[in-house]
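Contents: one structure, followed by commentary.
Please treat every number below as a calculation from the coordinates, not as lab data. As the structure is a prediction and not an experimental result, all values here were calculated from the model. When we count neighbours, we look across all protein chains shown, and the Cβ atoms used for this are built from the backbone with ideal geometry, even at glycine.
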Amino acid sequence: MPFIPTTEEEVHQRGWSGLDIIFVSGDAYIDHPAFGVPLLARWLESHGFRVGIIAQPDWRSKEPFMALGRPRMFFAVSAGAMDSMVAHYTPARKLRHDDAYTPGNSHGARPNRATIIYTSRLKEAFKDVPVIIGGIEASLRRFAHYDFWENRVRRSILFDAKADLLIYGMAEQALLAVAERVRNGERFGEIHDVRGTAYHCKIFNGNSSVSIPSFEEVSATKEEFSEAFRIAYLQQNPWSGGVVIQQHADRMLVCNPPALPLTEAEMDAVYALPFEKCPHPTYSETIPAWEQIKASITSHRGCFGGCAFCAITMHQGKTIQSRSIASLCEEVTAMTRKPWFRGTVSDIGGPTANMYGLGCSNSDAMKKCRRESCIFPDICTHLRTDDTPATSLLHAVRSLEGVKHTAVSSGIRYDLLERQPNYFGELVAHQVSGLLKIAPEHLVDHVTTIMRKPGRKSFESFITRFQAASGRAGKRQYIVPYLISGHPGCTLADMLELALLLKGMGITVEQVQDFTPTPGTVATCMFHTGIDPLTGKRVYVAASDREKGLQKALLLRHQSSERSKVIEALRELGREEDARQLFGFAPDTGRRSAKIIKKAR
């Protein structure tokens, strides 16, 4: 199947005189289902719409946005697979010099706040053509939100972008519903009842709604911000969530309930679309994001973990939407015929790999549920934890002709693995290529409680079981833990305790994620307000760059570049004596013992 048209010449090659819908994306055009814009473009194409893609247009003038002419129906804008501010800046607000979604890994192919800038240029070029905004940036900024890069509360992005409609979440159902209604002659400004959409108006004419504190109120006090977030967060159940209204001056944001989860058949239909599985042929340089995911397959969507720092609840939702094993095997079989495939399926998973095929066993309870997590602080009695579907999937894929190796590179919940012995056995014996990535994030229990993650005991139990299972399989395999520094609730003393625990376990951490307050997460609400919105309790926040830097340094104690910061942290805590345990030398002499030369296991 040809690529989605990106030029007027390609439009004419299809025999079309024009396009119905034009997507504008902050990412390069990679025709792969892992990327939202190409997936949605293929989805609309399969329903008879003529669609085109303008990828990474030069936003400095309107002309690049006119490359495909005027669409008959509307423009659909996405900043890309990442929020443009997250893509451009480090957690310390320093400018990045790369962009994995751009050919050659080059920085600068998209602007800051790309959704707003793209919409502005489109309105400049075609002021009477409606614009729908979506993608992760628009989705998580749909309400008034705290912006870390400006350190202030911003309005809903729908107002700042001056767009006509916002679609949040994964968008297949909502975008198709809007497109079909416009095709059938309905006026764009009258489409106000589609799930997964938000719009603005002066008067709300619906039957019922839930109001949250206004933009002006959440800007004025942190308590009101926390309350607004709490109410909106608890409306994310697609069956029982209501319409959420937030006043912005003399207008109101109206956010409809989330779209219903896709069924297995619908998921299969989406991923069976005729993707080329590679970048558009006009690109001459490699695109790192494609190199990373090209041999991976998405088995499901959603995550019921409810981690405080994760935005999935406000975007994909916590309901697991799984594909059939037949669908996944068909995709892998087709992939084995690609010239770039070398026999290894690099990942079989989703947001959390071992949630494939799981869900609520009580449909009535599911439709009323207000739990933020199905597995924290304990596993819900209604949760199906049978690992047969996930185990069967892994076995089926690695048994396919043309497949030499398979791996699970997506995250796993090791607390859930305690109820999945067969999946655990398959994982350890066949799906770990030497290193297994897991994300405890922290090991101090009161911090992991705030994170909504399992604590130290669960982690230590998993390490023991993993080592034993690897030994039985005759393999030398290791854990690569992912940890977060500077998370709300974590003090400098907590980070020192974590560093000492890791030292005692013989674990050396090579990568630490400094907490970034991105829109749409519980943890970001905590960072801004100092309040856990779901419990109402006060939470400590390491807000200064200095303290965040000291916390991160404690986890990277083995790196010589961080040593002075570690000593600074120890002195601030009055814990200089712990330097000997961390480094193997006393801080007053600065001399290293032989212990520091010996690399931690």
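Points worth noting:
- D (Stokes-Einstein, µm²/s), Kirkwood Cα radius, segment 318-369, 1.567 mPa s at 4 °C: 96
- Cα gyration tensor shape of segment 380-480, rounded if a/c is under 1.5, else prolate or oblate by comparing a/b with b/c: prolate
- Counting other Cβ atoms within 10 Å as a rough exposure proxy, the listed residues ILE21, ILE479 run ILE479, ILE21 from fewest neighbours to most.
- The long axis of helix 388-398 is offset from the longest Cα principal axis of the chain by roughly 80 degrees.
- Rounded to 5, the percent of DSSP beta bridges in segment 295-433 classed as antiparallel: 45
- The charge dipole of the chain, taken about its Cα centre with unit charges on the Cβ of Lys, Arg, Asp and Glu (plus for the first two, minus for the last two), comes to roughly 1320 debye.
- Cross-link table LYS162/LYS202; LYS457/LYS503; LYS277/LYS437, entries beyond 21 Å C-alpha to C-alpha: LYS277/LYS437
- HIS97, HIS88, HIS300, HIS107 arranged by Cβ crowding within 10 Å, fewest neighbours leading: HIS97, HIS107, HIS88, HIS300
- Segment 277-348 shape via C-alpha gyration tensor axes, a/c threshold 1.5: oblate
- Nearest 10 degrees, 0 to 90: helix 222-233 Cα axis against the chain principal axis: 70
- Annotation: aspartates and glutamates with alpha-carbon distance below 12 angstrom to LYS94 (same-chain offsets under eight excluded): ASP545.
- Segment 148-189: trypsin sites (Lys or Arg not before Pro) falling in loop per DSSP and having at most 16 other Cβ within 10 Å: LYS162, ARG187
- Between the labelled values (1) 27.6; (2) 30.7; (3) 34.9, the entry that holds mean projected area of the Cα convex hull in nm² as derived from this structure is (1).
- Shape call, segment 337-426: gyration tensor on alpha carbons, a/c limit 1.5: prolate
- Cross-link partners of LYS475 among aspartates and glutamates, defined as those whose alpha carbon lies under 19 angstrom from its own and excluding same-chain residues fewer than eight positions apart: GLU426.
- Each of GLU172, GLU276 was scored by other Cβ atoms within 10 Å of its Cβ. Arranged with the fewest first, they read GLU276, GLU172.
- Compared with the dominant principal axis of the Cα atoms in the chain, helix 114-125 is inclined by about 20°.
- The calculated 222 nm mean residue ellipticity attributable to helices in the chain amounts to -9500 deg cm²/dmol, summing -39500 (n - 2.57) over DSSP H runs of n ≥ 4 and dividing by all residues.
- Where only alpha carbons of segment 435-601 are counted, the Rg and the Dmax (Å): 16.9, 50
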